[in-house]
Structures are given as C-alpha cells and as structure tokens.
Amino acid sequence: MADKVPSESAAKPIRCKAAISRIPGDPLVIEEIEVAPPQAWEVRIKILCTSLCHTDFTFWKMASGPASVFPRIFGHEAVGVVESVGEHVEEVKEGDMVLPVFLPSCGKCRDCKSLKSNICSEIPLENYNGMPRDGSSRFRDSNGETLHHFLFVSSFTEYTVVDVEQVVKISPQVPADKACLLSCGVSTGIGAVWKVAEVEAGSTVAIFGLGAVGLAVAEGARLRGATKIIGVDLNPDKFELGKQFGVTDFINPITCAGQSVSEVIKEMTDGGADYCFECIGLAPLMQDAFSSSRQGWGKTVILGVEMHGSPVSINTFEILRGKSVTGSLCGGVKPKSDIPLFIQKYLHKELSLDGFITHEVNFRDINKAFDLLTRREGLRCIVWMDK
C-alpha cells in the first residue's frame with residue numbers, strides 16, 4: 001500500500017479567520033490569525049460548524065479571577081475535518097470527520113479502563129488556557145501576540161489544533177450540525193440519564209433547568225421509558241418546547257402558590273422523584289433538587305457548574321434515609337466510545353437531535369449567538385464557518 005501523501009500545509013502554519021475575545025463581555029472580533037502545525041500527539045482540524053455553549057458564555061463575561069484569561073478563542077462544541085496530524089497520531093488521518101471534545105480519553109490509564117470514571121488521569125484537566133500536555137498555545141494574532149485556548153478546543157476559528165486524546169472520529173453520514181451538538185451539551189444530558197443515574201422504565205424524573213442540557217436529560221429519560229418527566233424553569237415557554245423531548249409536566253417556581261418546588265414535586269410523584277437532575281449550576285437549586293427526590297432511593301445528579309463557589313447544604317437525616325447525590329462531568333460519557341453510539345442511535349432515528357437547533361448564523365455574525373443567549377432565546381445556535 002502506498003504511503004498517504006500529506007497535505008502541502010501539514011508542516012506549515014495556516015493563516016485563517018478567528019473570532020477573538022479580547023475584553024470580557026465585549027463583542028468578539030473577527031481577525032486573521034496564524035495556527036501552528038500540529039506537534040506530536042496533535043491534530044489540526046478545519047472547523048465545519050460550531051455552537052455557543054453556556055460555559056463559553058460564562059467565561060466570556062468573567063472579568064476577574066484565575067480563569068479570566070484574554071485574549072482568547074472560545075468555543076468547545078464543534079465538528080470538523082482533519083487537515084493534518086502530528087507524530088504518533090494513528091487513530092485519525094487527513095479527511096476524517098471528527099468531533100473535538102474538552103474531555104480527554106487516553107484509553108490506557110486506570111480511570112479510562114474503569115467503568116466508574118470518565119476522567120482521564122493520563123491527561124489531567126489543568127491547562128485550560130493552552131494545549132493539555134504543556135499549556136502552550138498554537139494561536140498567534142497578526143502582531144505575533146499569543147492567543148489563549150479555551151477548554152482545549154477553541155472552535156471559534158476556521159482551524160484549530162487539538163490533542164489526539166480529545167478527538168473523536170465519527171461517521172461522515174451524520175449531518176455536521178447534528179454531530180456538533182454531541183461534542184458537549186447534548187451528550188452530557190443523555191449520558192447523565194443513561195450512565196450516571198441509570199434511569200429505568202416507569203421512573204419519575206425532575207429536571208431543574210430546561211436549557212439544552214436539561215432537555216437532553218428529558219430526551220434521555222424519554223428513551224429510557226420514564227413515565228413522568230417534570231421540567232422546572234422560570235420561562236413558561238420551555239414547557240411547549242420541552243414536550244417534544246418528553247417533558248410531561250412543568251413547574252414554574254414563581255407560580256407555586258406559596259409552596260416550595262420540592263413540595264409540589266412530592267405531591268406530583270407521591271413522595272418525591274426517583275431521579276432529580278440539576279442543570280443550571282446554582283447551589284440553592286442543587287439543594288432543591290435533593291429535597292425533591294424520594295426517600296429510600298432518590299438520586300440527585302449535579303450537572304450544572306457552580307461558578308460562585310457556594311457550598312451545598314444537605315440534611316444528613318435525608319442521607320440516612322437512603323437519598324443520594326452525585327456529581328457528573330460531561331454526564332459520565334467516555335467520548336471516544338459513547339459519542340459514536342449516540343450517533344448511531346441518531347442515524348437509526350432513535351435519538352432526536354433536530355429540535356435542539358433553534359438558530360443558525362454565519363461565522364461573521366457569531367456575535368448574534370451571544371445576543372441570543374443574553375436574551376435567553378432558543379437552545380443552540382449553530383455557527384457555520386463557510387455558509
């Protein structure tokens with residue numbers, strides 16, 4: 001077999017357009033940048049489309065603290081095509097369709113081999129502002145200034161460089177926009193139901209927060225045969241939206257007529273939901289979710305990221321009565337093995353993804369995606385690089 005001839009650009013920097021965040025909370029600026037060639041264990045990817053996750057939005061607004069690093073290229077939900085690979089990369093090649101993901105999977109460490117964890121110990125989640133192995137950047141602006149990475153992906157650019165342990169090869173049969181959804185938010189919600197909670201048919205489920213992750217929880221619970229799926233959200237429009245993902249009941253905390261949300265849920269479920277999912281990232285909601293679960297076996301899964309550092313207070317007597325709470329990073333999903341399974345379920349028309357996409361924009365209009373999230377409109381906005 002003849003050796004594959006590498007692309008002419010494989011060992012050279014690429015100049016392309018990127019949406020750069022220079023000042024926290026300010027609109028992104030489309031600029032020309034230089035993307036370095038992939039080093040050992042790295043993959044350079046041409047981004048087809050990307051989307052704005054609430055985590056990007058949160059860090060974009062962050063004006064202080066160790067996680068506030070600028071100038072930066074945000075974005076971590078995306079799909080693309082391999083442009084070139086560095087040394088030692090064998091599992092993907094030029095032309096493969098891939099998802100870059102923030103969660104690494106080496107497949108060799110104790111954690112990757114275990115069914116109990118999806119947090120790779122070979123490549124720790126530490127260098128959020130650069131490449132995972134050494135913290136260095138592959139991006140420079142037109143003046144030669146370093147541009148920082150975000151969550152190891154940085155997809156708001158026409159080309160990016162990602163570690164091979166954070167690249168998932170996928171079927172080219174899946175539409176790019178649908179595949180993009182599975183690189184973070186939707187996989188998190190579905191994985192939390194299937195892998196962390198292990199929801200059974202006939203279960204009752206309560207979901208706190210009906211954003212993309214919360215509605216992915218609903219979709220996962222629907223597919224598992226949950227009979228009552230309760231959505232909790234301040235936006236009444238989310239009930240109609242949630243119905244297409246399996247939400248059967250809706251609670252707006254503002255209209256609970258003097259009752260707490262947990263009291264309402266206990267009345268609706270004859271004592272508390274079997275499974276509760278917190279998908280916002282607020283300590284008070286985490287406590288409400290735990291209080292809403294059934295004594296004896298109620299399980300609460302925390303998916304939201306608490307950015308304020310607030311502690312969660314839990315009644316120890318409720319723990320003694322059999323209730324439990326667990327955290328979950330990316331819904332317990334092992335990206336390299338689980339995401340291809342989700343894609344197969346989509347291709348077999350078992351998993352619904354279409355409803356998550358509520359808006360689409362061109363790359364030059366990427367700030368419209370931030371405007372939509374600021375106004376809390378829609379779920380996911382797909383940003384197309386070439387349309």
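The values are calculated or read from the model by the stated rules, or taken from the named source; none is laboratory data. Everything numeric here is computed off the predicted structure, so don't read it as measured data. Every residue, glycine as well, gets a Cβ built from its backbone with ideal geometry; the counts of neighbours run over all protein chains shown. Just the protein is used for accessible areas: all its heavy atoms, side chains included, with ligands, DNA and RNA removed. Shrake-Rupley method; radii C 1.70, N 1.55, O 1.52, S 1.80 Å.
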### ILE314 accessible area, assembled protein chains, probe 1.4 Å, Å²
60
### Message
Nearest 10 degrees is fine. How inclined is helix 212-223 to the longest principal axis of the chain, computing both from alpha carbons?
### Response
60
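What is the dipole size for the chain, taken about its Cα centre, with +1 at each Lys and Arg Cβ and -1 at each Asp and Glu Cβ, in debye to the nearest 20?
Computed about the Cα centre, the dipole is about 500 debye.
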### Query
Net charge near CYS53, counting Lys/Arg +1 and Asp/Glu -1 over other residues with Cβ under 13 Å of its Cβ?
-1
### Task
For SER136 and ALA201, calculate 0.36 nm times their separation in residues minus their Cα-Cα distance, and state this gained length in nm to one decimal.
18.7 nm
### In Hz, Karplus ³J(HN,Hα) per residue of region 361-369 (6.51, -1.76, 1.60; θ = phi - 60°; x = Gly, Pro)
9, 7, 4, 5, 9, 4, 5, 5, 5
### Query
Which percentage, to the nearest 5, of the DSSP beta bridges contained in the chain is antiparallel?
55
### Message
Give me the dipole magnitude in Debye, nearest 20, for region 23-112 about the Cα centre, with unit charges on the beta carbon: positive for Lys and Arg, negative for Asp and Glu.
### Response
340
### Query
In nm, to one decimal, how far is the LYS113 label point from the GLN344 one, both placed 7 Å along Cα→Cβ?
2.4
### Summary
Taking a label point 7 Å from the Cα of LEU234 along Cα-to-Cβ, the residues of region 281-324 whose backbone nitrogen sits under 14 Å from it are 281-285
### Query
With every protein chain kept in the model, how would you rank ASP354, ASP288, ASP141, ASP249 by accessible area, 1.4 Å probe, largest at the top?
ASP354, ASP288, ASP249, ASP141
## Note on the structure
From DSSP H assignment alone, runs of 4+ in the chain each adding -39500 (n - 2.57), the sum over residues rounded to the nearest 500 puts [θ] at 222 nm at -6000 deg cm²/dmol
### Task
For region 117-225, just say rounded, prolate or oblate: build the C-alpha gyration tensor, square-root its eigenvalues into a ≥ b ≥ c, call rounded for a/c under 1.5, and beyond that prolate if a/b exceeds b/c, oblate if not.
prolate
### Query
Given 37 °C and 0.692 mPa s, how large is the Stokes-Einstein diffusion coefficient of the chain in µm²/s, with Rh as the Kirkwood radius over Cα pairs?
153
### Query
So what does MET62 come to for accessible area, using a 1.4 Å probe and Å² rounded to 10?
40
### Query
Which listed residue (MET97, PHE139, TRP194) has the Cα farthest towards the positive end of the charge dipole for the chain, taking +1 on Lys and Arg C-beta and -1 on Asp and Glu C-beta about the Cα centre?
TRP194
### Message
Report the gain in length on full extension from GLU94 to ASP365: 0.36 nm times residue separation, minus Cα-Cα distance, nm rounded to one decimal.
### Response
94.7 nm
### Task
Find the relative contact order for the chain and round it to a whole percent, using C-alpha pairs within less than 8 Å whose residues are 6+ positions apart.
16
### Query
Along the charge dipole of the chain, which of VAL69, SER337, GLY322 sits closest to the positive end, that is, farthest toward it, with unit charges on the beta carbon of Lys, Arg, Asp and Glu (+1, +1, -1, -1)?
GLY322
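Please state, rounded to one decimal and in Å, the Kirkwood hydrodynamic radius that region 289-341 gives when every pair of distinct Cα atoms enters the mean of 1/r.
12.9
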### Query
Rank HIS348, HIS308, HIS76, HIS359 by accessible area, highest first, at a 1.4 Å probe radius?
HIS308, HIS348, HIS359, HIS76
### Task
Rounded, prolate or oblate: pick one for region 1-155, where a ≥ b ≥ c are the square roots of the eigenvalues of its C-alpha gyration tensor, a/c under 1.5 means rounded, and failing that, prolate if a/b is larger than b/c, else oblate.
oblate
### Message
Along the Cα→Cβ direction, 7 angstrom out, place labels at GLU31 and THR255. What is the inter-label distance in nm?
### Response
4.8
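Please work out how much length the chain gains when fully extended from GLU263 to SER121, using 0.36 nm per residue of separation minus the C-alpha to C-alpha distance, in nm with one decimal. Show your work: numbers first, answer last.
Details: separation 142, 0.36 × 142 = 51.12 nm, distance 4.11 nm.
Stretched fully, the GLU263-SER121 segment lengthens by 47.0 nm.
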### Summary
Taking placed amide H atoms and a strict 5 Å upper bound, the residues 5 or more places from PHE250 or on another chain that come that close are GLY231
### Message
Suppose we take every Cα in region 140-201 and form the convex hull; what volume per residue is that in Å³?
### Response
127
### Task
For region 94-206, give the magnitude of the charge dipole about the Cα centre (Cβ charges: +1 Lys/Arg, -1 Asp/Glu; no others), in debye to the nearest 20.
320
